[in-house]
Amino acid sequence: MYGVTELGYLALGAKDMAHWRVFAGDFLGLEVVDGSNSAEAFLRMDFWHHRFILEEGPVDDVTAIGLRVSDDDAFEKLASRLGEEGIVHRICSNDEAERRRVLRLMKLQDPDGHPLEIFHGPLVEFNKPFHPGRRMYGQFVTGDAGLGHIQMAGVDIARFLKFYRVLGMPGDIEYKAELAPGKISELAFVHTSGRERQHVIAYGFNGTKRMNHIMIESNSIDDVIYTYEMAKQTGIEIVLDLGRHSNDFQYSFYCMSPSGYMMEYGWGSRPAPVQSEYYAADFYGHALLTPPPWTR
Ligand SMILES: [Fe+2]
């Protein structure tokens, strides 16, 4: 199997670890696991050792996007292909891979300078069932679909699509939408060849941070409504109201994370369609309730 199979993990720089631990555990329902020191914490959502690594530091933004390949053969093939394309990458030491709890690891940047880590062989702990940080109706949707999806800052769509195709991640423009009066915005999306998740990375807006938003998904619509109500009751800022996207069918809302980018909490997504199509609007909803973080 060639290419990236899923969004495996994210490393997130965090200025305020205490705030993030409460946000992740008590609000989102992720399991917070202490790291080797107070400047590190792991967030779980399934049997994996972690799906997020919180790293205390001066940068409130994503510091690594972990993209999984299936095995060592796929890892070697992708490294060769990057070499043929002249894309700079570094195969990491065993120690570096061990710190990420993976068998092998390489690091590179995408054309916008976003930090990528390609790996295979994550540590999966079937001896340690997921324990949510607070009550949940259902479970997080991961499995072959990965942890969810992300939207990254950048506006050179042709360059974005060309680069991620090298990683085995096809996609195209899926929205041409009038998000501001008289201005059509184009957004592009890439998925994996398995198509389990309609998109893994979204792209098309500039931003003051690399990360625009992270989407996590439950298999129960009640978790979306419950989390939405909790946001309202606890004063967590909701940026985009409840709504349903036309491309991935996600029924979701977007709220502000402690790092100044958004978290999308959703339910009901579909796999990537076999044939391309694009949309001018969502099913309904997703009204902008406050100015988007990157415009402030
Ligand atoms: Fe999203």
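The values are calculated or read from the model by the stated rules, or taken from the named source; none is laboratory data. In this text, all values refer to a predicted model and were calculated from it rather than measured experimentally. No Cβ is skipped: glycine too gets one built from the backbone with ideal geometry, and neighbour counts run over all protein chains shown.
Which of the residues spanning the stretch 170-191 are within 16 Å of the ligand (Cβ to nearest atom), at pLDDT 95 or above and in contact with a Ser or Thr (Cβ under 9 Å, 6 or more places away or on another chain)?
Residues satisfying the conditions are GLY171, ILE173, GLU174, TYR175.
List every residue pair whose Cβ atoms sit under 6 Å apart, with the two residues 6 or more apart in sequence or on different chains, where the first one lies in the stretch 100-117 and is under 27 Å from VAL155 (Cβ atoms) and the second, anywhere, is in a loop (DSSP other than H, G, I, E, B) and acidic (Asp, Glu).
Correct list of pairs: LEU116/ASP110.
Which of the following residues is within 13 Å of the ligand (Cβ to nearest atom), in contact with a strand residue (DSSP E or B) (Cβ under 7 Å, 6 or more places away or on another chain) and outside the structural domain of TRP20 (by TED's automatic domain parsing): PHE283, PHE253?
After ruling out the rest, the residue left standing is PHE253.
Of the numbered conditions (1) in contact with a helix residue (DSSP H, G or I) (Cβ under 6 Å, 6 or more places away or on another chain); (2) without any contact (Cβ under 8 Å) to a residue 12 or more places away in the chain, GLY83 satisfies every one except a single condition; which is it?
With (1) in contact with a helix residue (DSSP H, G or I) (Cβ under 6 Å, 6 or more places away or on another chain); (2) without any contact (Cβ under 8 Å) to a residue 12 or more places away in the chain applied to GLY83, the lone miss is (1).
At pLDDT 95 or above, surrounded by 19 or more Cβ atoms within 10 Å (Cβ to Cβ) and assigned to a strand (DSSP E or B): which single residue out of LEU78, LEU12 fits that description?
LEU12
Anything in the stretch 170-186 that is at negative phi and free of Cβ contacts under 8 Å to residues at least 24 places away in the same chain? List them, or say none.
Of everything in the stretch 170-186, those that are at negative phi and free of Cβ contacts under 8 Å to residues at least 24 places away in the same chain turn out to be PRO170, LEU179, ALA180, PRO181, LYS183, ILE184, SER185.
Out of (1) within 14 Å of the ligand (Cβ to nearest atom); (2) part of a loop (DSSP other than H, G, I, E, B), what's the single condition that is false for PRO291?
(1)
Condition first: touching a Lys or Arg at 6+ places or on another chain (Cβ under 9 Å), in a helix (DSSP H, G or I) and among the small types (Gly, Ala, Ser). Now tell me which residues in the stretch 81-118 satisfy that.
Correct list: ALA97 only.
So, ILE236, is that one more than 12 Å from the ligand (Cβ to nearest atom), free of Cβ contacts under 8 Å to residues at least 40 places away in the same chain, not in a strand (DSSP E or B) and not assigned by TED's automatic domain parsing to the domain that holds LEU116 or not?
no
Check every one of the strands (runs of 3 or more DSSP E) wholly within the stretch 145-225 and list those with 3 or more residues that are outside the structural domain of ARG68 (by TED's automatic domain parsing) and surrounded by fewer than 18 Cβ atoms within 10 Å (Cβ to Cβ).
Of the strands (runs of 3 or more DSSP E) lying wholly inside the stretch 145-225, those with at least 3 residues that are outside the structural domain of ARG68 (by TED's automatic domain parsing) and surrounded by fewer than 18 Cβ atoms within 10 Å (Cβ to Cβ) span 171-180, 183-190.
Do the conditions hold for GLY260, that is, is it closer than 13 Å to PRO292 by Cβ and either within 13 Å of the ligand (Cβ to nearest atom) or among the small types (Gly, Ala, Ser) (or both)?
Spelling it out, GLY260 is indeed closer than 13 Å to PRO292 by Cβ and either within 13 Å of the ligand (Cβ to nearest atom) or among the small types (Gly, Ala, Ser) (or both).
Going residue by residue through the stretch 267-276, is there one that turns out to be assigned to a loop (DSSP other than H, G, I, E, B), polar (S, T, N, Q) and within 15 Å of the ligand (Cβ to nearest atom)?
Scanning the stretch 267-276, I find at least one residue that is assigned to a loop (DSSP other than H, G, I, E, B), polar (S, T, N, Q) and within 15 Å of the ligand (Cβ to nearest atom), so the answer is yes.
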